[in-house]
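Heads up: the structure comes next, in structure tokens.
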Amino acid sequence: MNIKIKFFGQHKEELSKSELNIDVDSNCNISDLIKILIKGEPKFSKFNSYAVAVNLNYENFEYILKNGDEVAIIPPVSGG
Amino acid sequence: MNIKIKFFGQHKEELSKSELNIDVDSNCNISDLIKILIKGEPKFSKFNSYAVAVNLNYENFEYILKNGDEVAIIPPVSGG
Amino acid sequence: MIDITKNEIVLNDYMSFKNEPDSGSLLFFCGTTRDNNLNKKVKYLEYEAFEEMALIKLNEIRKLAISEWNLNKLEIIHRIGIVDISEISLLIIASSPHRNESFRAIEYVIDELKKSVPIWKKEFYLDGDAWIGSHDNPN
Amino acid sequence: MIDITKNEIVLNDYMSFKNEPDSGSLLFFCGTTRDNNLNKKVKYLEYEAFEEMALIKLNEIRKLAISEWNLNKLEIIHRIGIVDISEISLLIIASSPHRNESFRAIEYVIDELKKSVPIWKKEFYLDGDAWIGSHDNPN
């Protein structure tokens, strides 16, 4: 399955990219995706605190991904 | 002693006057002044709830008046 | 700044300034004439003030609020005379480093103003009028 | 109305309307760039948003606030990009029959916005910069 990952703020800056496409096996949840992400982007391992949204909704790390899902990694927000 | 009394809002409207000069004896306090006021202006007796300011400061009813004091009868305020 | 004015309060007149550089919060409260009260249709309001004393009381409230919440700016403008529906009777502007202070200060000013500042409101209805705030024997 | 905009937020643009006839309270909150934070001199801020999602979240917050406090109006405008000192990053306007609802609603919107709306702030100092809100290992 193909998953699109979006990065923002400090993540985007640190990884020097705003998007990434990753192929994952079926039954992959978000925790699994993060492990795969860190293998390809070791710099991401320094980040401990972020939320994840799938197709514009916040989801927990057990969420099972579907082909074509867009996963946004959300650093701690600080609008206002 | 001469005391000037100022009326506002519903009092001014009811008595059809905004000011009144009253002669009182020395040692007259505000309670005494109100009794004298009601004798001259019986319509004022219908009002139960008001504060009193002497020379622009709120004072209690035991306040002893001095010659030339300006006494403002303050109906319940409702600014805003 | 404190003001009691017979003129219409026009918000744009107060919007030309930028916030203070060391403020992160700027809050504007407008009290406006509502077209109804206690199930009666209101045509307009009329405010009367004991101006000399009201200015003193507003200044006292302002100074207390500025020192209590460490404000960079606090302006209180109260209109008197006839105030039509939707027009502003009271404008309060507060500026502070953080937002909580602006909110608390403006709520304090309104509460205190309604307790101690000699300003009176009369509501005009389709079929009469009434002074607000009085618990005295009605006519 | 909800908006996320790259343009400067000019208060006068939002001041031309009169308050709703059945409202007695109109409250404007402006969050502005402060020239200091945590004892550092701030030169300017830069905001970034995940706009598509931020608009959805702001709309959810707005709907909840309107129904919770029975507001007649609630507008939320957030600026993104560079925001200079004293300029407005966040404008919230609330209108309600009584004042308490306007105050509670705006405080609620700010609190929720700071919890769940994907917008990020970077502070630029004389000697560097920092993303705000992060508790991750610093560089």
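Each reported figure results from applying straightforward, stated rules to the coordinates on display, with no laboratory input. Keep in mind that this is a model prediction, so the values were computed, not measured. Quick reminder, even Gly has a Cβ in these numbers, built from the backbone with ideal geometry, and neighbours come from all protein chains shown.
Dipole check for the protein assembly as shown: with +1 at the C-beta of Lys and Arg, -1 at the C-beta of Asp and Glu, and the Cα centre as origin, the magnitude is about 200 Debye.
Rounded to the nearest 0.05, the FRET efficiency derived from the C-beta distance between D:Ile82 and D:Ile2 at R0 = 30 Å is 0.90. Here the chain B residue lying nearest the rotation axis onto A, judged by its C-beta and given with the distance in whole angstrom, is B:Gly80, 15. Region C:67-88 and region A:1-56 have Cα centres lying 51 Å from one another.
If you line up the long axis of helix D:99-116 against the longest principal axis of chain D, both from Cα atoms, how many degrees apart are they, to the nearest 10? Result, in degrees: 40.
Projecting the Cα positions of A:Met1, A:Val77, A:Leu56 onto the charge dipole of chain A (unit charges on Cβ atoms of Lys, Arg, Asp and Glu, taken about the Cα centre) puts A:Val77 furthest along the positive direction. Per residue of D:122-129, other chain Cβ atoms within 10 Å of the residue Cβ number 1 on average. Beyond 27 Å between alpha-carbons counts as too far, so tell me which of C:Lys114/D:Lys18; C:Lys114/D:Lys73; C:Lys6/D:Lys18; B:Lys4/B:Lys43; C:Lys18/C:Lys122 fall in that bin. C:Lys18/C:Lys122, as the Cα separations exceed 27 Å there. Neighbours of C:Pro21 by Cβ distance under 11 Å: Lys/Arg scored +1, Asp/Glu scored -1, total -2. Under 10 Å, Cα contacts only: if you run a Gaussian network model on chain D, which one of D:Phe124, D:Phe28, D:Phe50 comes out with the highest mean-square fluctuation? The residue with the greatest mean-square fluctuation here is D:Phe50.
Per-residue shielding of A:33-42, expressed as the average number of other chain Cβ atoms within 10 Å of the residue Cβ, stands at 0. Counting charges near C:Phe124 (Lys, Arg +1; Asp, Glu -1) among other residues having Cβ under 15 Å from its Cβ returns a value of -3.
Calculated mean residue ellipticity at 222 nm for chain A: -6500 deg cm²/dmol, from DSSP H runs with n ≥ 4 weighted as -39500 (n - 2.57), summed, divided by the residue count and rounded to 500.
Dimensions of chain D from C-alpha coordinates, computed as largest minus smallest value along each principal axis and given longest first, are 52, 28, 26 Å. Each of D:Ser23, D:Ile4, C:Val10 was scored by the projection of its Cα onto the charge dipole of the protein assembly as shown, and the greatest displacement toward the positive side belongs to D:Ser23; charges sit on the C-beta of Lys, Arg, Asp and Glu.
With label points defined 7 Å past Cα in the direction of Cβ, position A:Glu62 shows copy-to-copy spacings of 7.1 nm, given to one decimal and shortest first. Where chain D is carried onto chain C by rotation, the Cβ closest to that axis, with its residue and distance in Å, is D:Phe28, 2. Seen against the Cα atoms of chain D and their longest principal axis, helix D:51-69 is set at about 40 degrees.
Using alpha-carbon pairs under 8 Å, 6+ residues apart, how would you state the relative contact order of chain A in percent?
41
Compared with the dominant principal axis of the Cα atoms in chain A, helix A:30-40 is inclined by about 70°. Per-residue ellipticity at 222 nm from helix content only, as computed over chain D with -39500 (n - 2.57) for each DSSP H run of at least four residues, stands at -9000 deg cm²/dmol. In nanometers and ordered shortest first, the copy-to-copy spacing of the D:Pro21 label point, defined 7 Å from Cα toward Cβ, is 4.8. Take the Cα of D:Lys40, step 7 Å toward its Cβ, do the same at D:Asp111, and the gap between the two points is 2.9 nm.
The B:Met1 and B:Leu56 beta-carbon pair, evaluated with R₀ = 22 Å, returns a calculated FRET efficiency of approximately 0.75.
Per-residue shielding of C:44-51, expressed as the average number of other chain Cβ atoms within 10 Å of the residue Cβ, stands at 3.
Under the convention of a label 7 Å out along Cα→Cβ, give the distances in nm from C:Tyr44 to the same position in every other copy, shortest first. The projected label point of C:Tyr44 is separated from its counterparts by 4.8 nm.
Between the beta carbons of A:Asn27 and D:Lys73, assuming R0 = 45 Å, the FRET efficiency works out to 0.40 to the nearest 0.05.
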